[in-house]
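*Asks:* Take this structure first; my questions come after.
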Amino acid sequence: MMDIETCLKKLGYVGVLDFATVDEDGAPQVRNISAIHYEGTTLYFLTARGKPFARQLKADGRVQILGYTKYKETIRLSGRAVELPEEEQIIWRDVIYAEQPYLENVYPGDTKNIDTIFMLKDYTIEYFCLSTRPITREYFTVGDAGTVRKGYYISENCIGCGTCQSVCPQNCIEEGSPFRIQPDHCLQCGNCFENCPVQAVQRY
């Protein structure tokens, strides 16, 4: 079983993470960020105020962070980033610079004053591992973030024909009234949804 702390530790080992936002036209924007500090379950990360990344975070706040390990594990954080107040900026900037010495080459001397720090403390985590059989999927909530429901479920319209079970690539559907999808092992591929003869399989 995975937990929040282990997910964050794994992200720290990955080091460089993908950060996704949306721009003013609603188009997705992704960049790699390594200037990250983990303090308990709170993430602090650095960018320059003039970059589109900072402008998008200030305008909207929503961010998704993704790391992928060599063990075929995807760890996805989804939440809303908040820019730190001025009195905390230098404190956390110095922490990140100490952990990431290469930043001194990027913003030497006083040019580091263009940096700004954002914090992510209320978010969800989705852990997804392809190296197990069946696959493993788990969700966690950190801080005041809402709960997550994704994937598919089988409604009371189920007639017990077993079609869904026969087409599941991970064999994660249990017989019953109705049949039941095991969410911790579901690929969320939709094969059961597409093949159910009475549309009993529904999306959350």
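The values are calculated or read from the model by the stated rules, or taken from the named source; none is laboratory data. Not measured: the values here are computed from a predicted model. Here the Cβ positions follow ideal geometry from the backbone for every residue, glycine too, while neighbour counts run over all protein chains shown.
*Asks:* What single numbered condition from (1) charged (D, E, K, R); (2) surrounded by 12 or more Cβ atoms within 10 Å (Cβ to Cβ); (3) in a loop (DSSP other than H, G, I, E, B) fails to hold for E156?
*Replies:* That leaves (2) as the condition not met.
*Asks:* Among I91, I96, which is under 15 Å from Y38 (Cβ atoms), assigned by TED's automatic domain parsing to the domain that holds L43 and of a type in the set (V, I, T)?
*Replies:* Matching residue, one of I91, I96: I96.
*Asks:* Of (1) part of a loop (DSSP other than H, G, I, E, B); (2) of a type in the set (V, I, T); (3) surrounded by 12 or more Cβ atoms within 10 Å (Cβ to Cβ), T141 satisfies all except one. Which?
*Replies:* Result: T141 fails condition (1) only.
*Asks:* How many of the residues in region 170-201 are surrounded by 12 or more Cβ atoms within 10 Å (Cβ to Cβ), out of contact with any strand residue (DSSP E or B) (no Cβ under 6 Å at 6 or more places or on another chain) and not in a helix (DSSP H, G or I)?
*Replies:* Total satisfying the criteria: 10.
*Asks:* With the condition kept exactly as written, say whether any residue in region 116-133 is part of a helix (DSSP H, G or I), surrounded by fewer than 16 Cβ atoms within 10 Å (Cβ to Cβ) and of a type in the set (V, I, T).
*Replies:* No, because not a single residue in region 116-133 is part of a helix (DSSP H, G or I), surrounded by fewer than 16 Cβ atoms within 10 Å (Cβ to Cβ) and of a type in the set (V, I, T).
*Asks:* Oh, and also: Can you pull out the residues in region 48-84 that are β-branched (V, I, T) and surrounded by fewer than 21 Cβ atoms within 10 Å (Cβ to Cβ)?
*Replies:* Within region 48-84, T69, T74, V82 qualify.
*Asks:* Tell me the residue from C168, C161, C172, C186 that is touching a His at 6+ places or on another chain (Cβ under 8 Å) and outside the structural domain of K72 (by TED's automatic domain parsing), please.
*Replies:* Unique residue meeting the criteria: C172.
*Asks:* Which of the following residues is without any contact (Cβ under 8 Å) to a residue 24 or more places away in the chain and of a type in the set (V, I, T): V142, V106, V95?
*Replies:* Residue meeting the stated conditions: V106.
*Asks:* Within region 109-132, count every residue that is touching a residue at least 12 places away in the same chain (Cβ under 8 Å) and among the polar types (S, T, N, Q).
*Replies:* 3
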